[in-house]
Amino acid sequence: MNIFLSKKIAVVLSILVIVGLFYKLAFSEQEVDFNTQVKPIINKKCISCHGGVKQEAGFSLLFQEEALGPTESGKPAIIPGDPDGSELIRRISLNDPEERMPYKHEALSEDEIKTLRQWVSEGAKWGEHWAYVQVKKQNVPDYNEKWIRNDVDRFIFEKLDEQGMKPSPEADKSTLLRRLSLDLTGLPPSAALSEKYLRDNSEKAYDELLDGLLASPAYGERWTTLWLDLARYADTRGYEADRSRNIWKYRDWLIKAFNTDKAYNEFLIEQLAGDLMPDPDDAKLIATSFHRNTMTNDEGGTDNEEFRTAAVMDRVNTTWTSVMGTTFNCVQCHSHPYDPFKADEYYKFLAFFNNSRDEDTQSEYPVLRGYSSEDSLKLIKLTGWLKTNTSEAHARKYLMFLKTWQPTINSLQCDQFSNAALISSWYAGLRNNGSCRLKNVVLENKTELMFRYKSNYNGGKWSVYLDTPGGKLLKTIPLANTKGEWEITTVTIPQVKGRHHLYFKYYSPLIKTSDETGVQFDWFRFDTDFPGKGKPGYVNALADYNYLMRAKVDETPIMVENSREQFRPTHVFERGNWMVKGKQVTPGVPGVMNPMPANVPMNRLGMALWLTDKKNPLVARTMVNRLWEQLFGYGIAETLEDLGTQGIPPTHMELLDHLSWKFMHDYNWSIKRLLKEMVTSATYRQSSSVNEELLKKDPNNKFYARGARLRLSAEQIRDQGLEVSNLLSRKMYGKSVMPFQPEGIWRSPYNGDKWNLSEGEDQYRRALYTYLKRTAPYPSMITFDGGARESCIPRRIRTNTPLQALTSLNDSTTLVMSRGLALRMQQIGGKNLTRQISKGYELMMYKPISAVKLNALTELYQKAMLRYRKDKPAVIKIAGEKEKQVSAETASLVLVAGAMLNMDEWLNKN
Amino acid sequence: MKDSILTQKLIKEAEQASLQYYTRRHFLKESAMGFGALALGSLLGSCGTDNAPPANSLFDASNPLAPRPPMFPGKAKSVIYLHMAGAPSQLEMFSYKPELAKLDGLDCPQSLLEGKKFAFIRGVPKMLGPQANFRQHGQSGLWLSDNLPHLATIADEIAMLNAVTTDQFNHAPAQLLMQTGSPRLGRPSIGSWVTYGMGSENKNLPGFVVLTSGGNNPDAGKSVWGSGFLPSVYQGVQCRGEGDPVLFIKDPDGMDRDLRRASIDAINKINQDQYREYQDPEILSRISQYEMAYKMQISVPEVMNINDEPAYIHEMYGTEPGTTSFANNVLLARKLVEKGVRFVQLFDWGWDTHGTSASGSVDIGLVNKCRKVDKPITALILDLKQRGLLDETLIVWGAEFGRTPMQENREGKDMPFKGRDHHAAAFSMWMAGGGIKGGTSYGETDEIGYDIVSGKTEAFDIQATILNQLGFDHEKLTYESQGRPFRLTDVGGKVITDILA
């Protein structure tokens, strides 16, 4: 080695040592910070034996009161201010492996011991993890470089500066155009927007493009796609037969909410508790379908309570994961091992969700009964009549009943079956002389029994007894033969006081065999008579009521709360086992979080108001982090699903808090305004080119010295392909569609449902409208990292696999797109091949094609021509029979278009 | 200029890397010796984050399927898991219960019913004696019913687990528990865990292949080979006997191999140009994925084609090319493990013998189903043995639960045929090959096969044993999700050491 060089190195090294010493001196004068210095040591080295599940020797480091409280020995292990008297410090400093902590594990390093010692001597101050501390207004760093466009850039620049890095220049216009459009609308820009933007070289061009994109209806579709992952939206129910679920109106609600820029707090309140808001309209009820996307199990013989419980727990977990970026589900078995949540707090929170009407029924009750427009008018008329002639309360009650058939008692609540059964775990069915029990029914002041049933026999009689199988007869009710159709019938019942167990018996003299089911019940309703008797118009009103309750409707599962009579107590499940019920709990929020706001009800609505309280430390941060991830590829805190102590800490904490503060206080929860701030930043507008040095220094672009370059989502890839090939239908809303899918994907047992190809433009709808069957999702979606949405998907992990290549090469959808694109290339490019290819490329990328790319595609074309000139049948197969110009030229161009649809730059945003 | 030379070099190496067929030894040798490969490796392998928990360090986004050595040298290199979806009756196959015959037709004693839940049995069912004759076979004296005449000839290869138990008595949740370690949807399947742990040996074939027969997917759908919270690249790839063997493996009609080659060449050239401009290593990765796709288009149909197998093999397995059958799938499984596929998962649907129809009965339908699997399974073991592969191939046979010693009386009715309800408390599974001690059995049940007496074996134990045979400590193969490390065996699992060689 060159001697001068080694001398130089020695000098540099000694300078480094000196600087290091200074740094260390300066550093140790600073107080130890619990969150960044102490908690990581505890989490890594101590907590698995001393906190949460295990509390060896009665010592836990999870909560302050535990850490400083007495241990099994009677003495505390930490005495603030006295490291030498603290057992904790003694034990970690020992050499004897029998006594030294961590027991049977590697000893703490000297630095770690020093940190803990200093922490104890400074008073063992506890600190709350950043994510559980209320968001504060941030000071914007004072940078005014030319590069900077808004405050986002000031935070970014500060960190770059610290790292000795420089931002990249702005990406070229064509790249920005495509990037912004895909990010905001999930689609390439419309011709009008792109032409205008590319022509206009003024500063305002970008802003106008941005406004145009934000105003596009496609905007709502794109952001709905994100929310569908969080809401675990699917068109089926999950599990065995995985039957269809009619819940697409919720998807449409989301599109409208995003397009109208519904404030994020309202957006959440309506989804979590729209049904509990005053006089909810249909839209607010549909919003609550958010939590009806839980799976239900129809399989015969399943315990409905088990799967109801599973759904309720999923609602708790989804609420925390999607909206608060917290892994709350750990807490269902034990106190959180790392974060300050106690097991009881899980069940207190669960109590908010435990009183919804759903009971894992086959019929998906409760549902919103969507009336035809004609019937809706009738409903309005009837409600008006009730308001005028009876009372507001009555009007509200009957409106709710007609819209939801609630409150009713599902027949699956029956038990003690004798010569009767809960058929397929769905409906109570009775054979001749069969009986069963319905527990604990409030009969006080009830004068009417309404029930939904079906029967195939004449002469049936249903007797209802009070309290015991042979108890007092309440009523014998003749049951007509409904010929297997469900029907609703109402009978009057004598007035009885209090609550009673009811015993049902069924008999029909016309049933001769012992194993025929005579009657099946769906639900029961014990109520007072329809009000307003004697008032003008009563007869018509009653007739309308009877008509509407049976009218043909479109049903969407929604949330409806239990009536007081149906209240369900909530218990802690011992060790997370729902069969072992511990103590009863009432609704409440975890102690580490903001308290419930004053004067809110202790139900789902109150919980939603708590969640959207500006004091809630997690909700704004989680959403800001999520939106950032959608634009930049990674969250400011990478683990979107876990902002807790085990998550990856934010790279730019102050920026996260700055945007979160603005989101709540300055932007009034407007998502569009928040996105606008992000995408107008210079940070966002950088070129995504990278060089070796930058790649080495910051491989994952954590410091944002360049723009994001990311593979598009499964949905974006499909949508832009359809768009560029002129096939995309811009039809919005409605039932999910079934575009082409290979044979044999759906093979659910006990379910004859078929993938029925959609017709016409429904073949070419945006991907978010594609029917999603949980146990057999659309193949290309799954290949490109979409999920089956069995539970909340807080983040998609991007992969790069050969199956993706096969899909985008060979899926017949690609062939159809290639034909469409080739046709456009011929239309715009005329007869000249170079022009065709160049114009096609410009359609896709908004910029001229490079010579290398043009050559590669021209070569492919020529190779194809050699083949297709001689092979007419192959030409027809590739170019399609329907095309007018079935020529070797067209077929070759289709191949070229297919290759273009596989370009990396096309599959990415650049 | 300097830049562009480096670029060229990188692209060339990316192409080379993807063009070569690596056995693991090759791979290790090359990366240890070839400086270029190392440089590229460090370039491509830089997607992990500094702060990422080490638990997930096996996942390398740029090359997620790179072959990786297990934690310790395992006895088995691959697994063939034969799952009989619907749950066959152990009482007509493996579990010899002469006492049950004596109780045939009698009311089930109340003591067996109290506090128990069944899927369909209501009230008081009748006991149902074994509907098959049993005999002892091999040196080990293994009891097998006459429904399994072929398996009887290789009884000494098998380690029988007599006392398997589960807490799930419905198909979908029970299948999920057996295959993913949780009765709820959303966890990775065994094959996904294995692929995550070991990568894929054969670069031209998926590491985890699924084959189904019996006309339906298993009750829990594709989730039983899903990747759950693991990256989707680890999910099982379903290969099919009819239609494309792998979805989208076939070029569109009218395109031949030369044109496909030409089109991939064009795509790669364009992408190389793009790389020159952006220098994003992901672009290189995409180039190699397209190369791999091209090779899979040849290798997958090749391996999925059983036409060229010799006649004696077809005779041995009872295979009929061109159809979808369990026998065909078993033969395919052998071909796949021969080619280095790590985990081959078979599901055969149609074992749910409630007695509602002849095909769903334990005395008719079950006999027919046994006939369809007995011969090919036996052939598989013999064939692997003659190829010297049995020692390194673990075979697991099982289902999601067993069937009751009582006759089913759905909704209190007598069934038209002899059937048994789902039974979670006690059933049989077996393993062979891959470091398993043949001719052993483990665990016992009571005299009517209702409950377990000793050697309790849970899904977690089976999973722990499978991972152990491959060289993994089931407690250490973890993945960080939602803030905590998850493992296949949740908080349970012990390796069944009694059956290990």
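The values are calculated or read from the model by the stated rules, or taken from the named source; none is laboratory data. Here the structure is a predicted model, which means the values were calculated and not measured. Cβ: placed from backbone, ideal geometry, glycine included. Neighbour counts: every protein chain shown.
State which residue is surrounded by the fewest Cβ atoms within 10 Å (Cβ to Cβ) when the search covers only region A:782-797 and only residues that are within 20 Å of A:LEU627 (Cβ to Cβ) and facing another protein chain (nearest Cβ under 7 Å).
Residues of region A:782-797 within 20 Å of A:LEU627 (Cβ to Cβ): A:785-787, A:792-797.
Subsequent filtering for residues that are facing another protein chain (nearest Cβ under 7 Å) retains A:785, A:797.
Values: A:ASP785: 20, A:ILE797: 16.
Only one residue fits best here, namely A:ILE797.
Among the residues of region A:612-638 satisfying the criterion of being β-branched (Val, Ile, Thr) and touching a residue at least 60 places away in the same chain (Cβ under 8 Å), which is surrounded by the fewest Cβ atoms within 10 Å (Cβ to Cβ)?
Our first condition is that a residue be β-branched (Val, Ile, Thr); within region A:612-638, this holds for A:612, A:619, A:622, A:624, A:636.
Cutting the leftovers down to touching a residue at least 60 places away in the same chain (Cβ under 8 Å) gives us A:612, A:619, A:622.
Details: A:THR612: 22, A:VAL619: 26, A:THR622: 26.
Out of the qualifying residues, it is A:THR612.
Do we have any residue at all in region A:846-856 that's part of a helix (DSSP H, G or I), polar (S, T, N, Q) and either in contact (Cβ under 8 Å) with a residue 12 or more places away in the chain or more than 10 Å from chain B (Cβ to nearest Cβ) (or both)? Spell out how you get there, then give the answer.
Applying the first criterion (part of a helix (DSSP H, G or I)) to region A:846-856 yields A:851-856.
If we keep only those that are polar (S, T, N, Q) as well, we get A:855.
Next cut, either in contact (Cβ under 8 Å) with a residue 12 or more places away in the chain or more than 10 Å from chain B (Cβ to nearest Cβ) (or both) only: none.
No: zero hits.
With (1) within 14 Å of chain B (Cβ to nearest Cβ); (2) of a type in the set (Gly, Ala, Ser); (3) part of a helix (DSSP H, G or I) as the list, and A:GLY635 as the residue in question, which single condition is left unmet?
(3)
Six or more apart or on different chains, Cβ under 6 Å: which pairs go from a residue in region A:789-806 that's without any contact (Cβ under 8 Å) to a residue 24 or more places away in the chain and farther than 30 Å from A:TRP320 by Cα to one that's of a type in the set (Gly, Ala, Ser) and buried (at least 22 other Cβ atoms within 10 Å of the Cβ)? Could you list them?
Note: pairs meeting the criteria are A:PRO802/B:ALA293; A:LEU806/B:ALA293.
Residue-by-condition table, conditions (1) free of Cβ contacts under 8 Å to residues at least 12 places away in the same chain; (2) within 9 Å of chain A (Cβ to nearest Cβ); (3) part of a helix (DSSP H, G or I); (4) surrounded by fewer than 21 Cβ atoms within 10 Å (Cβ to Cβ):
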{"position": "B:LEU205", "(1), (2), (3), (4)": "no, no, no, no"}
{"position": "B:VAL209", "(1), (2), (3), (4)": "no, no, no, no"}
{"position": "B:SER223", "(1), (2), (3), (4)": "no, yes, yes, no"}
{"position": "B:MET255", "(1), (2), (3), (4)": "yes, yes, no, no"}
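If a residue must be among the polar types (S, T, N, Q) and closer than 30 Å to B:PRO149 by Cβ, how many such residues does region B:91-137 contain? Walk me through it before giving the result.
Our first condition is that a residue be among the polar types (S, T, N, Q); within region B:91-137, this holds for B:95, B:110-111, B:131, B:133, B:136.
In the following step, the residues that additionally are closer than 30 Å to B:PRO149 by Cβ were identified as B:95, B:131, B:133, B:136.
Residues flagged as among the polar types (S, T, N, Q) and closer than 30 Å to B:PRO149 by Cβ within region B:91-137 amount to 4.
Could you say whether any residue in region A:608-626 is assigned to a loop (DSSP other than H, G, I, E, B), among the aliphatic types (A, V, I, L, M) and within 20 Å of the chain's Cα centre (by Cα)? Steps first, please.
Looking only at region A:608-626, we keep the residues that are assigned to a loop (DSSP other than H, G, I, E, B), and these are A:612-618.
When the remaining residues are screened for being among the aliphatic types (A, V, I, L, M), the result is A:618.
Checking the rest, the ones that are also within 20 Å of the chain's Cα centre (by Cα) come to A:618.
Checked region A:608-626: at least one residue is assigned to a loop (DSSP other than H, G, I, E, B), among the aliphatic types (A, V, I, L, M) and within 20 Å of the chain's Cα centre (by Cα).
Answer yes if at least one residue in region A:146-165 is more than 17 Å from A:HIS652 (Cβ to Cβ), touching a Pro at 6+ places or on another chain (Cβ under 9 Å), surrounded by 18 or more Cβ atoms within 10 Å (Cβ to Cβ) and modelled with pLDDT of 95 or more, and no otherwise.
For region A:146-165, residues more than 17 Å from A:HIS652 (Cβ to Cβ), touching a Pro at 6+ places or on another chain (Cβ under 9 Å), surrounded by 18 or more Cβ atoms within 10 Å (Cβ to Cβ) and modelled with pLDDT of 95 or more: absent.
Does A:TYR239 satisfy the criteria of being outside any helix (DSSP H, G or I), surrounded by 22 or more Cβ atoms within 10 Å (Cβ to Cβ), more than 14 Å from chain B (Cβ to nearest Cβ) and under 20 Å from the mean Cα position of the chain (by Cα)? Give the steps one after another, and end with the answer.
Details: outside any helix (DSSP H, G or I): yes; surrounded by 22 or more Cβ atoms within 10 Å (Cβ to Cβ): yes; more than 14 Å from chain B (Cβ to nearest Cβ): no; under 20 Å from the mean Cα position of the chain (by Cα): yes.
For A:TYR239, the condition - outside any helix (DSSP H, G or I), surrounded by 22 or more Cβ atoms within 10 Å (Cβ to Cβ), more than 14 Å from chain B (Cβ to nearest Cβ) and under 20 Å from the mean Cα position of the chain (by Cα) - is not met.
Just the residues that are touching a Pro at 6+ places or on another chain (Cβ under 8 Å) and modelled with pLDDT of 95 or more, please, taken from region A:288-321.
A:SER289, A:ARG292 - these are the residues of region A:288-321 that are touching a Pro at 6+ places or on another chain (Cβ under 8 Å) and modelled with pLDDT of 95 or more.
Looking at region A:84-168, what helices (runs of 4 or more DSSP H) fall wholly within it and have at least 3 residues that are under 24 Å from A:ALA708 (Cβ atoms), out of contact with any helix residue (DSSP H, G or I) (no Cβ under 8 Å at 6 or more places or on another chain) and outside the structural domain of A:VAL38 (by TED's automatic domain parsing)?
On the way: elements: A:87-93, A:110-121, A:151-163.
Output list reads A:151-163.
In region B:383-501, which strands (runs of 3 or more DSSP E) lie fully inside it and hold 3 or more residues that are more than 30 Å from A:SER322 (Cα to Cα) and within 14 Å of another protein chain (Cβ to nearest Cβ)?
Numbers: elements: B:393-398, B:402-407, B:420-423, B:427-433, B:440-442, B:452-454, B:478-481, B:484-487.
Because the criterion is at least 3 residues that are more than 30 Å from A:SER322 (Cα to Cα) and within 14 Å of another protein chain (Cβ to nearest Cβ), the strands (runs of 3 or more DSSP E) in region B:383-501 that meet it are B:420-423.
Quick check on A:VAL896: is it within 25 Å of B:GLN289 (Cβ to Cβ) and either more than 8 Å from every other protein chain (Cβ to nearest Cβ) or among the hydrophobic types (A, V, I, L, M, F, W, C) (or both)?
Yes.
Please specify each residue of region B:226-236 satisfying the condition of being more than 7 Å from chain A (Cβ to nearest Cβ) and outside any helix (DSSP H, G or I). Walk me through how you get there before you give the answer.
Initial filter on region B:226-236 (more than 7 Å from chain A (Cβ to nearest Cβ)): B:227-230, B:234-236.
The answer is B:SER227, B:GLY228, B:PHE229, B:LEU230, B:GLN235, B:GLY236.
Would you kindly identify the strands (runs of 3 or more DSSP E) lying entirely within region A:450-544 that contain at least 1 residues that are of a type in the set (Phe, Trp, Tyr) and farther than 19 Å from A:PHE401 by Cα? Give the derivation first.
Numbers: elements: A:460-466, A:473-479, A:487-492, A:499-507, A:517-527.
The strands (runs of 3 or more DSSP E) meeting that bar are A:460-466, A:499-507.
Residues of region A:221-234 being more than 14 Å from every other protein chain (Cβ to nearest Cβ) and part of a loop (DSSP other than H, G, I, E, B), which ones? So that I can check it myself, show each step before the final result.
So the first thing to find is which residues in region A:221-234 are more than 14 Å from every other protein chain (Cβ to nearest Cβ), and the list is A:221-228, A:231, A:233.
Selection gives A:ALA231, A:TYR233.
Specify which of the listed residues (B:ALA172, B:ALA163) is within 12 Å of chain A (Cβ to nearest Cβ) and either more than 28 Å from B:ASP498 (Cβ to Cβ) or assigned to a strand (DSSP E or B) (or both). Talk me through it step by step, then tell me what you get.
On the way: B:ALA163 fails: within 12 Å of chain A (Cβ to nearest Cβ).
Only one candidate passes the filter, namely B:ALA172.
Answer yes if at least one residue in region B:124-144 is at pLDDT below 90, closer than 30 Å to B:ASP446 by Cα, in contact with a strand residue (DSSP E or B) (Cβ under 9 Å, 6 or more places away or on another chain) and basic (Lys, Arg), and no otherwise. Working first, answer last.
Kept after step one, since they are at pLDDT below 90, are these residues of region B:124-144: B:124.
Those still in the list that are closer than 30 Å to B:ASP446 by Cα too: B:124.
Next, from what is left, pick out any that are in contact with a strand residue (DSSP E or B) (Cβ under 9 Å, 6 or more places away or on another chain): B:124.
Cutting the leftovers down to basic (Lys, Arg) gives us none.
No, every residue in region B:124-144 fails to be at pLDDT below 90, closer than 30 Å to B:ASP446 by Cα, in contact with a strand residue (DSSP E or B) (Cβ under 9 Å, 6 or more places away or on another chain) and basic (Lys, Arg).
Does region A:249-289 hold any residues that are assigned to a loop (DSSP other than H, G, I, E, B) and within 14 Å of A:PRO366 (Cβ to Cβ), and which are they? Talk me through it step by step, then tell me what you get.
Here is the first cut: in region A:249-289, the residues assigned to a loop (DSSP other than H, G, I, E, B) are A:260-263, A:277-281.
Result: A:PRO280, single match.
Quick check: is even one residue across region A:306-316 within 14 Å of chain B (Cβ to nearest Cβ), more than 20 Å from A:ARG222 (Cα to Cα) and in contact with an Asp or Glu (Cβ under 6 Å, 6 or more places away or on another chain)?
Within region A:306-316, one or more residues are within 14 Å of chain B (Cβ to nearest Cβ), more than 20 Å from A:ARG222 (Cα to Cα) and in contact with an Asp or Glu (Cβ under 6 Å, 6 or more places away or on another chain).
Scan region B:78-134 for residues that are in a strand (DSSP E or B) and over 26 Å from B:ALA459 (Cβ atoms) and jot them down. Walk me through how you get there before you give the answer.
Within region B:78-134, the subset in a strand (DSSP E or B) is B:78-85, B:107, B:121, B:126-127, B:134.
Listed by number, the residues that qualify are B:ASP107, B:LYS126, B:MET127, B:PHE134.
Can you name every one of the helices (runs of 4 or more DSSP H) wholly within region A:657-748 that holds 3 or more residues which are of a type in the set (A, V, I, L, M, F, W, C), farther than 28 Å from A:MET903 by Cβ and more than 11 Å from every other protein chain (Cβ to nearest Cβ)? Steps first, please.
Working: elements: A:671-679, A:692-697, A:714-724.
Because the criterion is at least 3 residues that are of a type in the set (A, V, I, L, M, F, W, C), farther than 28 Å from A:MET903 by Cβ and more than 11 Å from every other protein chain (Cβ to nearest Cβ), no helices (runs of 4 or more DSSP H) in region A:657-748 meet it.
Quick check on my filter: what residues within region A:638-648 are more than 18 Å from the chain's Cα centre (by Cα) and more than 7 Å from every other protein chain (Cβ to nearest Cβ)?
Just the residues of region A:638-648 that are more than 18 Å from the chain's Cα centre (by Cα), to begin with: A:644-648.
The one that is more than 18 Å from the chain's Cα centre (by Cα) and more than 7 Å from every other protein chain (Cβ to nearest Cβ): A:THR645.
Can you confirm whether A:VAL875 is β-branched (Val, Ile, Thr) and not in a helix (DSSP H, G or I)? Give the steps one after another, and end with the answer.
Values: β-branched (Val, Ile, Thr): yes; not in a helix (DSSP H, G or I): no.
So A:VAL875 fails the test.
Working only within region B:239-253, note down all residues that are more than 9 Å from chain A (Cβ to nearest Cβ) and surrounded by fewer than 24 Cβ atoms within 10 Å (Cβ to Cβ).
Taking region B:239-253 first, the residues more than 9 Å from chain A (Cβ to nearest Cβ) are B:239, B:241, B:245.
Those that are more than 9 Å from chain A (Cβ to nearest Cβ) and surrounded by fewer than 24 Cβ atoms within 10 Å (Cβ to Cβ): B:GLY241, B:PRO245.
Could you please give the count of residues in region A:691-708 that are under 11 Å from B:GLN279 (Cα atoms) and surrounded by 21 or more Cβ atoms within 10 Å (Cβ to Cβ)?
Residues meeting the conditions: 0.
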